[in-house]
Amino acid sequence: TQLREEGREKTLTGSHVSLTTGSQETSCFPECRDLIGSGRDRKPNALVQVAVIDPREQYLVSHACTEIVEGSRDPLFLTGVTFPPEYPASPETLVKLTVYDVRDKARDNVSKPLSVSFLGSATFSVSDLLRSKDDQLTLNLRSSDGVLAVGTVLVSRVNMGEMEEGDMDHITADVQQAQKVRTCVCVYESRSPPDVSASTNAFFKNPVCKVYKFQTVDSKWMLVREQMEECTLSFSIPRQLLHLYIQEDMRRIQELRDLGELSPHWDNLRKEVIGRYGQVIAAYQETLAELNKITGPSFKPSCSKAQRYLEFIPINLHTQRMRVTCPRQTDAFYDVITVGAPAAHFQGFKGGGLQRLLSRHEAEKKSTAYQCIYYSPEHTAKAQEVLHSVGHLQPLISGLADQLLQAAQQHSMSGLREALKTLAGKTEQFVHALKDELVKSALLALHARGQQGQSPPQNPGHSPGQEDGQAPLKRQDSIPCHKEYDEEEWDRVWADVAKSLNCVIAMVDKLQEQEPINNNQEQLIPKQVLADVITSHNPEGDWREQLCPLVVRLKECVAEVVVRARRAMTFVLLQEAACSIPQGLFLKQRRDVVFSQALAALACGFVMRLYAGMEDKGFLKQLHQVGLVAQFESLLSTYSEEIGMLEDMEVGISDLHRVAFKITQAKTDNPCDLQPVVIGRRDHYTVEVPLPRLAFQTLPHEIKEGKALQVYPVLFNVGINEQQTIADRFGDISLQERINQRNFEILDSYYKSLSDKVPSECLPCFQTQTDLKDLLGTLGQNVVTKKRKNVEILWLAGTICRRLNGIRFTSCKSAKDRTSMSVTLEQCALLRDEHQLNKDYFIRALDCMRREGCRIENVQKNIKCRKYAFNMLQLMAFPKIYRPPEGTYGKVDS
Ligand SMILES: O=P(O)(O)O[C@H]1[C@H](O)[C@@H](O)[C@H](O)[C@H](O)[C@@H]1OP(=O)(O)O
């Protein structure tokens, strides 16, 4: 109790907060002097293992370990050990440091345990450290029999978040003190506003943290902390999307049924299409039901990538944040999202991926569409858009018309004017959306084909739809197909909408002015209607009574147009679906799968980026004025199956341009009220991101008012492994070249619109002074230069994305092995370019991160083994800087 009290007292009064409080993280870095190796003249390959003994639990838990420092009696470990805030649990907790000598560091066989010999150990309790003078402890390092003192351990505390110059000096070697092991314990505080950091717990789970200390060019120490987390959006976004896919397809079936009576030819096609949609819906419902049963971790491991029920879930999605603390500098952090390439692994890659399959299918559709009418993808997109406008605008117009009548009833002239203004605006929008040649031609086609189609024998009195238990279709709803079709009819019906609106306007004017309608208006209004308006107008009478017939007429005209437009557009979609069966529907499902994985990753990246930039006014301005770049780096090879993955990924990433984000105010700060919500349909989705009230209030008013926030997805791919060597020498790399060139153009045009709309001060400051324009210029040259494994493309694209405040993603097949090499390389490059990492430490830093950092933990999480799945042959093909250190790779069952 006394120790607890002391711990608490430090919490309240000291500048360093107690280790026992729940809000800080504790880290330590060991340092050894004059170690005695297990062989006489051999210098040891030392590593320190840290274990924790909880006195209440009474057992030892191995917690973490440092990297191996080869052949040194005075090893200085760069990898620290970190304890999350709730760990160690109490001041009585004991921490045991054990130093080992590693003998066969480069073993290939992963199942063989590491051969080590014990050198010495020391134990301290957290309370000892809390009571220690100057927050430091000096302990003896003992041999296995506990008799021989083989060194000394120094344990000290540093607050990483408030590190001043000199704070870290005592970590450096004190060469005077022979036989010493030094351990620095650091306390790490979160700097985000409390409600923001608490909110991110709603989606980021199971953090893995690693700490390092590296020397800068001027021999100072920087502290580096990596944090990798899972994201609950891995599952929640696909679940929501599946739900929306099902709803959309059900709606489509209903629209097809609403087409009413059709000629036998079209009716048969309709039945087939409805049947196929039904199968897709059933499959999606089954998948959704299976997903709803899943509990446990919030990521899909690489080994489950081809599991049927998990096909909508992104592979191995994790966030990773590197935070850097340097003396006299504010902390900086760098985020990346790592995810397996969005691809349809369950469906396989035999015929290639989406990009190839879709263009092949489009070509085939044109040539084989003998049963139905070929409509281009643009036409079908237009049809979807018209259907959407109809569904959206008709109820709006109807509501506004009612408002107008209400204002008339209240004799409110200002109310009348106001309602009329909005009603006129929406009606014009409606006419504009529907006055399309496609509607006219589809109506004609529907009629013409209806007459030509051969009627299969029909039972008298039988209506389509009855056999599947649906209500019989109403005959009066259908386009008459045996009547002479009047081509001008469509033009007349939508023109009637305009005319009837003009009558309403004229009447409102009349009511206001209480005088005869002037000549100008007479010209716009059909004579008969005008006569009716004039004769029925009674200045003394009820305004509502006078307006009502005109408003009713307007609604009828609108309804008339809607019926026709809906049928015409549903007919277009029926043709599209009928021409596509069955391949088109398989492709649709494939696209749904790939898009779901891509959207889950994007939503995760967006949320992470938003929370990180919540206090950055420049970033928020950029966000609502232009939007954000989402830059995907991919390391897939343009050979064999990975070509198919890349073809899937290309479409999946490009489809993300149909997504916008919206920030809303959460009902409560409860984690379930902070979950992003997806709304929309396949041609456009909005992801609503609720923020806690306090955070929401600080946002610019444009964002608070619900402005749609755009994202600009870009993809750059450079294959780096042995498969890419084959592709480079004997295969085809045109896919990669095309992707890089096309996406460079997107990135370049994003930069141009950003420079037009947002002052450059809004962008983050970087040490590297190279102008963004120059970086883009160099990238532009690189994407057209023929150079094998030109990873500079990836480095430049990544740098540009960070300079543009964008969202960084790194990807390969599983986001496990190659991705880990790339992420660690990028982190070290940032330390070098932005934080003056000493060049002698560059490779050491890289090796530390790859050997003991978050990424090896990612491998462990995926395949339960701490080895990157590379063999020597594969690694020979890698650009050198992408090769992991000895002993960290091998043949594994991945
Ligand atoms: O994470 P990846 O780099 O996609 O993992 C690859 C690895 O690069 C390769 O060397 C190995 O042979 C496997 O194919 C890995 O993929 P898994 O999906 O099997 O983890």
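Considering the options 804, 700, 746, tell which one lies farthest towards the positive end of the dipole of region 654-806, charges being +1 on Lys and Arg and -1 on Asp and Glu at the Cβ, about the Cα centre. Going by the Cα projections, it comes out as 746. For region 326-339, the Karplus equation 6.51 cos²θ - 1.76 cosθ + 1.60, evaluated at θ = phi - 60°, returns couplings of 10, x, 6, 10, 6, 4, 10, 9, 10, 10, 8, 10, 10, 7 Hz by residue, with Gly and Pro reported as x.
In this rough spin-label picture, where each label sits 7 Å from Cα along the Cβ direction, the residue 36-residue 615 distance is 5.2 nm.
Each residue of region 675-680 was assigned a 3J(HN,Hα) from its phi angle through the Karplus curve 6.51 cos²θ - 1.76 cosθ + 1.60 (θ = phi - 60°); the sequence is 6, x, 10, 9, 10, x Hz, with glycine and proline shown as x.
Ordering 797-809, 215-227 by mean Cβ neighbour count within 10 Å, with the highest value first, yields 797-809, 215-227.
Computed about the Cα centre, the dipole magnitude for region 219-289 is approximately 200 debye when only Lys and Arg (+1) and Asp and Glu (-1) carry charge, each at its Cβ. As a proxy for reagent exposure, 638, 232 were ordered by neighbouring Cβ count within 10 angstrom, fewest first; the result is 232, 638. Listed values for region 696-706 are Karplus-derived 3J(HN,Hα) couplings in whole Hz (6.51 cos²θ - 1.76 cosθ + 1.60, θ = phi - 60°), namely 4, 5, 7, 6, x, 5, 4, 5, 4, 7, x, and x replaces Gly and Pro.
Taking 0.36 nm per residue of sequence separation and subtracting the Cα-Cα distance, how much length would be gained by fully extending the chain between residue 250 and residue 128, in nm to one decimal?
Values: separation 122, 0.36 × 122 = 43.92 nm, distance 6.65 nm.
Length difference between fully extended and current span is 37.3 nm.
All of the numbers you see were taken from the coordinates with simple rules; none came from a lab. Since we're looking at a predicted model, the values are computed, not measured. For neighbour counting, all protein chains shown are included, and Cβ atoms are generated from backbone atoms with ideal geometry for every residue, glycine included.
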